[in-house]
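As structure tokens, the structure follows; a few thoughts come after it.
Quick note: the coordinates plus some simple rules give every number you see, no bench work behind them. These figures come from a predicted structure and were not determined experimentally. Positions of Cβ are generated from backbone atoms using ideal geometry, with glycine treated the same way; all protein chains shown enter the neighbour counts.
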Amino acid sequence: MADIKLQEITSEINGQVWECIVPSAKAEKYAAAFNTSNLRNMNNNKTVLRIIADHPPMADASQVQPNLEDLYLFYFKGGTEE
């Protein structure tokens, strides 16, 4: 099992992980509205949201390669739902 590559493990959510850049002041609002796996602050009052969704969550969303954190969120919704 140690030989399994990350791309194989996360292949189920290929095409469902997006990054969006939003104003930092609105980042929490957007994060609450979407299935967000990560927030990364930039130094120009912008925040990058990493979102799990079937379709682009915003017009300027960029599709990115899934990672293990994304896969966890996909299955367990970050532990926020029962």
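For LYS77, work out the one condition from (1) touching a strand residue (DSSP E or B) at 6+ places or on another chain (Cβ under 8 Å); (2) assigned to a helix (DSSP H, G or I) it doesn't fulfil.
It fails just one condition, (1).
In the range 29-56, what residues are within 15 Å of GLN16 (Cβ to Cβ) and touching a Ser or Thr at 6+ places or on another chain (Cβ under 9 Å)? Give the steps one after another, and end with the answer.
At the first step, the residues of the range 29-56 found to be within 15 Å of GLN16 (Cβ to Cβ) are 34-38, 49-56.
Correct list: LEU49, ARG50, ILE51, ILE52, PRO56.
Inside the range 2-28, can you point out the residues that are in a loop (DSSP other than H, G, I, E, B) and either on the phi < 0 side of the Ramachandran plot or crowded, with 18+ Cβ neighbours inside 10 Å (or both)?
Answer for the range 2-28, where residues must be in a loop (DSSP other than H, G, I, E, B) and either on the phi < 0 side of the Ramachandran plot or crowded, with 18+ Cβ neighbours inside 10 Å (or both): ALA2, ASP3, ILE4, LYS5, THR10, ASN14, GLN16.
Take the range 29-62 and flag every residue that is closer than 18 Å to LYS77 by Cα, surrounded by 14 or more Cβ atoms within 10 Å (Cβ to Cβ) and of a type outside the set (Phe, Trp, Tyr).
Of everything in the range 29-62, those that are closer than 18 Å to LYS77 by Cα, surrounded by 14 or more Cβ atoms within 10 Å (Cβ to Cβ) and of a type outside the set (Phe, Trp, Tyr) turn out to be ALA31, ASN35, THR36, SER37, ASN38, LEU39, LEU49, ARG50, ILE51, ILE52, ALA53, PRO57.
Taking the range 13-36 on its own, how many of its residues are among the charged types (D, E, K, R) and touching a residue at least 40 places away in the same chain (Cβ under 8 Å)? Let's see the steps before the verdict.
Pass one, the range 13-36, residues among the charged types (D, E, K, R): 19, 26, 28-29.
The next check asks that each one be touching a residue at least 40 places away in the same chain (Cβ under 8 Å); those that pass are 19.
Qualifying residue count for the region: 1.
Given the criteria closer than 20 Å to LEU6 by Cβ and more than 10 Å from the chain's Cα centre (by Cα), does ARG40 qualify?
In short, yes.
Considering only the range 37-60, how many residues are in contact (Cβ under 8 Å) with a residue 24 or more places away in the chain and under 23 Å from THR10 (Cβ atoms)?
Of the residues in that region, 12 qualify.
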